[in-house]
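Taking it in order: structure first as structure tokens, then the write-up.
Just so it is clear, none of the values below were taken in a lab; they were calculated from the coordinates. As the structure is a computational prediction, the values presented were derived from the model and not from experiment. Every residue, glycine as well, gets a Cβ built from its backbone with ideal geometry; the counts of neighbours run over all protein chains shown.
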Amino acid sequence: MRDAELAALRALDIDEIRRCGLVGHAPVLRPVARLVRPLADAQDALHRLRGEADRRRHARDAAGLLLLRSGELHRTFWAWSTQDWIDLIQVEGAEFRRSWGGQIGPNARPFIIAYAYLLAGFTAFDRIGRFHRPGLAQRVFGPDPVDEAVGQVCGQLSDWGYRSRPEKLTAATCHVLLLNRSPLLRDLSGDILDTACTTAGYLGKVLHGIHRAAAALGHVDPPSPPQHGGLAEMEGVAGTWQASVERWYATSTLTPKIRTSYRRVLAKIGRWLAAEHPDITEPAHWTRQTCACWVAALDRMRIGDYNQWNKGLGGRQGQPFLRRDQVRISCRDQDFLPRPARMGMDPAAVRPCAGAEDTPQRPRAPGPGPARDR
């Protein structure tokens, strides 16, 4: 950076940029006109989104921060490293708001990311925390082509029955478009989609489906099937219980991910039975009283109890389950235990234990025909 430019930037104030705008011939900005010009061009290239009446003011504030930081770093923003951009953007939006008060903090960060993307090719999205990827994609590409690409991908996934939240699929699709620097699905490549999986952070779980959708639409080759490790041998459960669980796992029509989740819970039940009710070694021995005992045990159970291993639980081990987790666990055995015919069991086997009272039946309403269950 030239000495005259450095001196002008050191004397520059954000309020002066607000007053004169990104005008290179303004007296206060004339010494740094070669830095102002690309910022003004990038600002003009940004698309105006619906409801952004103050877009130009926020974009101007973001440009002012770039000029001030250039003076601090003694180099122009096109010579910044990736880390220089990350230091200005900051990983947490809350930290950015604390660093810059007033209207700058809540509004300038998305435009700094847009400038970084347009002027420096910045795509280290996995290093700047969460931000609104659809907003960035629509600013740099325009709303219409982005909406068209997202609609095609989400429509294909919806036809297949994908149940991920639409906003998550939208964000992940925009992540891919930004990495590819094009809003057109026909410009995608398998390499870009593979790279997206390693830089999408919390969005990475849905990218395999997006890759499949892009392949079905004829834009890329299909992805390789996801690789999953083999199932661990159950420990601490009766052999007949394990055989019943494995038979259910092999014949269930649920997805592999859901079946694996259910299998873990059924193994937990098997270890609880081995410790508390060793005489119950298979689903055919499960009674109404056993079910009541399991629900009571689950209500008192702690995280890590009856697990095969507790690696990765950290400080959560020993804490009580949240109510929603208890409900989730209790629901996992519903396809396995409540209806005996599913396991080839005699329905008469599921009966109250000795001394347990049958549940009284609801009396029928008077009049002809069966009573309607309300």
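Below is a table of values for the structure above.
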quantity	calculated
Order of 150, 206 under a 10 Å beta carbon neighbour criterion, fewest first	206, 150
Reachable aspartates and glutamates, given that their alpha-carbon falls under 19 Å from the alpha-carbon of residue 257 and they are not under 8 places away in the same chain	233, 246, 325, 333, 335
Peptides 183-193, 55-65 ordered by average Cβ neighbours within 10 Å, highest first	55-65, 183-193
Cα centroid of the stretch 115-155 to Cα centroid of the stretch 229-255, whole Å	43 Å
